[in-house]
Amino acid sequence: MEKKIEDIKTDFENKLKDISDSTDLENLRVKFLGKKGIVTEIFSQMKNLGPLERKKIGPFINVLKNFILKEILQKKEKLRGFDLEKIVNSLKPFDVSRPAKFGGGSYHPITLIQEEVEEIFRSMGFIIEEFPEVVDEYQCFESINIPEHHPARDMQDTYYLSNSKVLKTHTSAAQNDIMRKYGAPLKAIFPGRCFRNESTDSSHETTFFQMEGMMIDDNVSISNLIYFMKIMLSEVFKKAVKIRLRPGFFPFVEPGFELDIECLICGGNGCSSCKNSGWIELCPCGMIHPNVLEMGGIDNKKYTGFAFGLGLTRLAMMKYSIKDIRDFNSGNLEILSQFFNV
Ligand code: PHE
């Protein structure tokens with residue numbers, strides 16, 4: 001019996017040597033360890049042995065079985081290209097100061113959408129401005145017609161810093177500076193990160209991105225805004241996108257609107273992303289309030305203008321079918337790796 005076990009082992013080793021694909025390996029496993037396999041067979045022959053013999057031979061067969069199992073698993077890893085021994089042997093001393101090189105990185109989806117939309121507006125004659133994230137209360141509120149104690153300040157839960165500085169709650173905080181810097185006529189967009197101290201859910205975050213846009217000239221109306229928005233949306237989504245305008249209130253525009261787009265996740269049928277309405281609030285907008293033009297040093301008798309606060313984060317959610325806004329900052333590679341080759 002012992003000789004037989006030894007022969008099985010040698011037979012197995014010889015056969016294993018010649019195996020070079022996983023199907024053959026599986027067949028070999030079945031041949032030795034399967035229900036009718038050689039090892040199983042030899043186990044069943046134990047019942048013909050006397051009790052003493054059985055006690056002596058039993059452990060030998062167990063050792064054989066474990067040996068075969070281990071060899072098969074190792075070979076399996078080797079066939080998958082994972083040869084630990086080879087890897088360890090190939091490790092060479094290396095220079096830790098050399099720059100690391102990883103498989104592939106990518107831009108964040110917000111960066112991708114921002115650059116895409118910037119390019120579209122640039123091609124339509126808009127300039128692009130950057131603006132800090134920490135601003136004065138004056139920039140964020142007073143200069144755009146939201147005086148102290150105005151109830152509209154409660155619309156946006158502000159993070160207050162010291163010295164009457166705030167984290168900007170909206171990109172509109174840059175309107176006044178940009179009007180003063182360039183005067184009229186003006187066509188500008190200014191993207192940025194915004195902060196609001198509000199509770200989070202799948203469509204609200206304390207940090208999100210907007211892109212403000214303004215066009216000021218001597219004959220600007222809301223139809224100009226609709227025109228630019230439709231072009232931008234059709235470029236981003238590569239098809240015409242349904243929009244609708246609803247009245248909306250913001251102290252810095254008159255009249256004010258909410259521009260919604262058809263929910264592109266459910267095609268307007270209603271889903272959790274659009275709270276079953278079929279529509280997504282994408283872009284609050286309106287005609288710049290005469291007070292805001294005046295505070296920006298622009299002649300409000302001569303000029304009119306539109307302003308919008310495009311929700312870049314929402315736009316990215318629609319474009320890339322991201323259902324939960326919290327995924328953007330989660331570091332979840334499953335979500336982010338989709339953009340590796342965008
Ligand atoms: N700043 C507004 C907000 O974030 C949006 C807005 C911008 C509305 C421009 C009208 C015009 O809520």
Report task. Would you kindly identify the helices (runs of 4 or more DSSP H) lying entirely within segment 225-342 that contain at least 1 residues that are within 16 Å of the ligand (Cβ to nearest atom) and either on the phi > 0 side of the Ramachandran plot or not acidic (Asp, Glu) (or both)? Result -> 290-295, 312-320
Report task. Give segment 36-62 a look and list any residue that's in a loop (DSSP other than H, G, I, E, B) and either aromatic (Phe, Trp, Tyr) or modelled with pLDDT of 90 or more (or both), or say none. Result -> 36, 37
Query raised in the report: For segment 8-27, how many residues are over 18 Å from residue 61 (Cβ atoms) and in a helix (DSSP H, G or I)?
Result: 10
**Report entry** Counted residues, segment 76-118 - those being more than 30 Å from residue 17 (Cα to Cα) and open to solvent by less than 100 Å² (accessible area, probe 1.4 Å)
**Finding:** 18
Report task. For segment 197-204, indicate whether the set of residues that are surrounded by 15 or more Cβ atoms within 10 Å (Cβ to Cβ), in a strand (DSSP E or B) and at negative phi is non-empty. Result -> no
Query raised in the report: When residue 193 is evaluated against the numbered criteria (1) outside any loop (DSSP other than H, G, I, E, B); (2) closer than 16 Å to residue 308 by Cβ, which criterion, by number, is the only one it fails?
Result: (2)
Report summary line: Taking segment 43-72 and keeping residues closer than 19 Å to residue 14 by Cα and in contact (Cβ under 8 Å) with a residue 40 or more places away in the chain leaves 61, 64, 67, 68, 71, 72
Query - Among residues of segment 152-176, those that are within 14 Å of the ligand (Cβ to nearest atom) and either in contact with a helix residue (DSSP H, G or I) (Cβ under 8 Å, 6 or more places away or on another chain) or not in a strand (DSSP E or B) (or both), counted - result: 17
Requested in this report: Please give the number of the condition residue 37 fails out of (1) surrounded by 10 or more Cβ atoms within 10 Å (Cβ to Cβ); (2) more than 27 Å from residue 78 (Cβ to Cβ).
Outcome: (2)
Requested in this report: Of all residues in segment 143-173, count the ones that are without any contact (Cβ under 8 Å) to a residue 40 or more places away in the chain, among the charged types (D, E, K, R) and open to solvent by 10 Å² or more (accessible area, probe 1.4 Å).
Outcome: 4
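The values are calculated or read from the model by the stated rules, or taken from the named source; none is laboratory data. Source: prediction; values computed, not measured. With ideal geometry, Cβ positions are generated from the backbone for all residues, glycine too; neighbour counts draw on all protein chains shown. What goes into the accessible areas is simple: the full protein's heavy atoms, side chains included, and nothing from ligands, DNA or RNA. Shrake-Rupley method; radii C 1.70, N 1.55, O 1.52, S 1.80 Å.
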